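Here the structure is laid out as structure tokens; the discussion comes afterwards.
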Amino acid sequence: MSQNLTHNENIKDFDDVSRHLELEAERLEAAKPNHTAYVANTGSRKASRPKRKKSKNGVAAGHIKKVSGTSQRTKRGKHGKNKSKLECFNCGKIGQFARDCTEPKKERPST
């Protein structure tokens, strides 16, 4: 019962098998992925620049709260929104959200 262990017909004795196994081990070792990721580094000079221009106060221009005389923005967070100034999107009444509205929901035309 003679079996060929490889595709090579020249392997006949034990020395040929051992040499072939060594070569196969080297081939598998060379084909093994090295598991490294190549990441491009950006220049530190470019990354250190601020994205927004600073105002005279030293605060980024986008972070300054602008308050006009008649309208103030309500702060969002734990307290939510001030309901007394809101208008319902569904019925138009002041002081409620559309989800709390007692009127039946409006039918909007499909676009």
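Listing for the model above:
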read-out: Near pairs, Cβ below 9 angstrom, 6+ apart or cross-chain, from region 83-111 (free of Cβ contacts under 8 Å to residues at least 12 places away in the same chain) to any residue that is aliphatic (A, V, I, L, M) and surrounded by fewer than 12 Cβ atoms within 10 Å (Cβ to Cβ); value: SER84/ILE94; LYS85/ILE94; LEU86/ILE94; GLU87/ILE94
read-out: Test: residue in region 7-16 that is at pLDDT below 65 and out of contact with any Leu (no Cβ under 8 Å at 6 or more places or on another chain); value: yes
read-out: Candidates ARG52, ARG108 - the one that is modelled with pLDDT of 70 or more, in contact with a strand residue (DSSP E or B) (Cβ under 8 Å, 6 or more places away or on another chain) and in a loop (DSSP other than H, G, I, E, B); value: ARG52
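The values are calculated or read from the model by the stated rules, or taken from the named source; none is laboratory data. All values derive from a computational prediction rather than experimental measurement. FYI the Cβ positions are ideal-geometry reconstructions off the backbone, even for glycines, and counts take in every protein chain you see.
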